[in-house]
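Please treat every number below as a calculation from the coordinates, not as lab data. Only a predicted model underlies this, so the values are computations on that prediction, with no experimental measurement involved. With ideal geometry, Cβ positions are generated from the backbone for all residues, glycine too; neighbour counts draw on all protein chains shown.
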Amino acid sequence: MYNEQYRPQLHFSPKENWMNDPNGLVYYKGEYHLFYQYHPYSMVWGPMHWGHAVSKDLLHWEELPIALYPDELGQIFSGSAVVDAQNTSGLKTSDEDVMVAIFTHHGEDNEKQSIAYSNDCGRTWVKYEGNPVIPNPGQKDFRDPKVFWHEESGKWVMSLASGDCIRFYGSPNLIDWELLSAFGSEYGAHGGVWECPDLIQLSVEGEDQKKWVLIVSINPGGPNGGSVVQYFVGEFDGLEFVCDDSADVVKWADFGRDFYAAVTWSNLPEPTWIGWMSNWQYANQVPSEPFRSAMSIPRKLGLSRINGEFTLLQTPIDLSSLYKEVVVSNETIALKSSETYRVKLDHRQLFAQANVMDSTASEFLISFRGEQERLEIVFDRKRKEVRIDRKESGQVSFSEHFASMDRMPLAEFSDFTLILDKTSIELFVNQGSNVMTELFFPLASEFTLEFRALDGELVLENVELRHLESTWK
């Protein structure tokens, strides 16, 4: 169990059947709750339930019984959960703080917002008798409520995807909601439907100020095709979100093909999010079984001003508790032009990081090679981009959209962190200001890691390569 050919060993995946968006992320009494879109009877998307898992460290997960089932109001689409510590809802019936889940009831061409509540640390849930709490206003796409307590205005605030913009609602009690404002009809990318919003406040690195960040997933419309997450930086006064950038500015959180519907945990002081590691272009066809889909590594969020632009920073959570064999530790690797540094990997769970120094090379390549396959990362200084090439990475023929060469604009690079699992790679460049997440489905069982410099020399310092233990053990 949990050792199938394409079972991730570092990332959460359900024991069996279909999973997509993370939902209801909430922290309470030492437990991280992860709910998720789940179809318990098939490996392809179908009638949506809320699956449920808990963790004490965001790495080792225990799958629990399904939390929410479809009913006469519809399927249980995406949403969020909060700890109502002040019992503003009046739904508390035990010594525990009441948890309230806010979700979309998806009926036939009719989406509305409903709530459920738990008085036993999220183990069992009761749907509110007065559902829906926000009826449909006559719009087809009206979903994915993300709720937080806004201290300054003394109310709960909901971000809700409404077509290709975001509506904000306010409530004193999680039950009675009023429309506050809307944002986005003229801002950002509009290549597809907007989904899974999140509004969070982040401190600006090195500055004595905070900014509000509005996160919005969009499908399709990604820079490399299909699903993607964009974000906006600005101000929020409890009523309206005002973006700092001009309307045509688009900021992508992740240039890879496989990071979507990412949202943050509520009731957690350090902003941390997780995303669905797939893409709607091929999610139903990927060759894993008896399950489909996994979540990304949870990432801590920050904000930095880079070249005058506010930029989202993503840092993977600490993986040191999973460190196994040391492959390379605190080494310097100097590569002459066209010289290759090779390391044979015992297995595919790998943590790698390095600082890039004194580079005159036009390209720096990181390759994972099997007998007849390769996954390649290219840092290209001439074209000012990073490319991930998975055209020959193993099984690619299951979808016409999968065999891809994906690109991320990048003028310079100073460091990288890389997390490799059985079927995924997560790349964080320049302190997490540039990120790519990609799936691949290798056929080989043995791999070699290669570093190579082209048309010049390259020095890597503080190189760390470590095998990682499975989180299922």
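Magnitude of the charge dipole for region 320-468, about its Cα centre and with charges confined to Cβ atoms of Lys, Arg (+1) and Asp, Glu (-1), is about 140 debye.
Quickly rank 4-11, 385-392 as a protection proxy: mean count of other C-beta atoms within 10 Å, highest first.
On the way: 4-11: 20.5, 385-392: 18.9.
In descending order of packing, they fall as 4-11, 385-392.
Structural size metrics of region 140-273, computed from C-alpha coordinates, are Rg and Dmax of 14.3, 43 Å. Within region 320-468, the ratio Rg/Rh, alpha carbon atoms throughout and Rh by Kirkwood, equals 0.94. FRET efficiency for Glu186 and Lys140, Cβ-Cβ distance as r, R0 = 25 Å, nearest 0.05? My answer for the efficiency is 0.75. Length gained on full extension, Ala403 to Trp472: 21.9 nm, using 0.36 nm per residue less the C-alpha separation. Ranking Ala283, Phe351, Val327 by how far each Cα lies toward the positive end of the dipole of region 249-352 (charges on Cβ) leaves Ala283 at the top. Arranged from fewest to most other beta-carbon atoms within 10 Å of their beta carbon, Asp71, Asp258, Asp248 become Asp248, Asp71, Asp258.
Highest-first packing order for the peptide set 121-129, 296-304 is 296-304, 121-129, based on the mean count of other beta carbon atoms within 10 Å.
Using the number of other C-beta atoms within 10 angstrom as an exposure proxy, rank His190, His33, His49 with the fewest first.
On the way: His190 16, His33 25, His49 22.
Sorted ascending by nearby Cβ count, the order is His190, His49, His33.
Dipole magnitude for the chain: about 740 debye, using +1 per Lys or Arg Cβ and -1 per Asp or Glu Cβ, origin at the Cα centre.
Expressed as a fraction of 2.2 N^0.38 Å, the rule-of-thumb size for a compact globular protein of N residues, what is the C-alpha radius of gyration of the chain? Before the final figure, lay out the partial values.
Numbers: Rg = 22.1 Å, N = 473, 2.2 N^0.38 = 22.8 Å.
This ratio for the chain stands at 0.97.
Of all DSSP beta bridges confined to the chain, the antiparallel ones make up roughly 95%.
Among Val44, Val343, Val229, the order by Cβ neighbours within 10 angstrom, fewest to most, reads Val44, Val343, Val229.
Grab the alpha carbons of region 266-326, take their convex hull, and tell me the volume per residue in Å³. Each step should come with its number before you reach the end.
On the way: hull volume 12.3 nm³, N = 61.
Convex hull of Cα atoms, per residue: 202 Å³.
Could you give the distance between the Cα centres of region 81-142 and region 291-305, to the whole Å? Answer, in whole Å: 25.
Using 21 Å as the Cα-Cα cut-off, could you pick out the over-long pairs in Lys29/Lys127; Lys251/Lys384; Lys29/Lys112; Lys15/Lys422; Lys324/Lys391; Lys251/Lys382? Write down the numbers at each step before the final one.
On the way: Lys29/Lys127 23 Å; Lys251/Lys384 17 Å; Lys29/Lys112 31 Å; Lys15/Lys422 16 Å; Lys324/Lys391 30 Å; Lys251/Lys382 23 Å.
In this structure, Lys29/Lys127; Lys29/Lys112; Lys324/Lys391; Lys251/Lys382 lie more than 21 Å apart at Cα.
Filter Lys146/Lys211; Lys92/Lys155; Lys56/Lys344 down to the pairs with a C-alpha to C-alpha distance above 22 Å, please. Check vs 22 Å cut-off fails for Lys56/Lys344.
What's the extension gain from Glu371 to Asn3 if we count 0.36 nm per residue and subtract their Cα-Cα distance? Walk me through the intermediate numbers first.
Working: separation 368, 0.36 × 368 = 132.48 nm, distance 2.17 nm.
Length gained, Glu371 through Asn3: 130.3 nm.
Seen from Ile317, the other residues with C-beta closer than 11 Å to its C-beta sum to a net charge of -1, counting Lys and Arg as +1 and Asp and Glu as -1. Between Glu450 and Asn307, the C-beta separation translates, for a Förster distance of 25 Å, into a calculated FRET efficiency of about 0.20.
Report Rg(Cα)/(2.2 N^0.38 Å) for region 202-332, keeping two decimals. It would help to have the intermediate numbers written out before the result.
Details: Rg = 17.2 Å, N = 131, 2.2 N^0.38 = 14.0 Å.
Normalised by 2.2 N^0.38 Å, the Cα Rg of region 202-332 equals 1.23.
Can you tell me what the convex hull of the Cα atoms of region 28-137 projects to on average, as an area in nm²?
Numbers: hull surface 30.9 nm².
So the mean shadow area of the Cα hull is 7.7 nm².
How would you order 277-283, 326-332, 165-171 from highest to lowest mean count of nearby Cβ atoms within 10 Å? Before the final figure, lay out each step's value.
On the way: 277-283: 23.0, 326-332: 12.9, 165-171: 21.4.
Highest-to-lowest ranking by the protection proxy: 277-283, 165-171, 326-332.
Here Ser94 and Lys382 are evaluated by their C-beta separation; at R0 = 51 Å the FRET efficiency comes out at 0.20.
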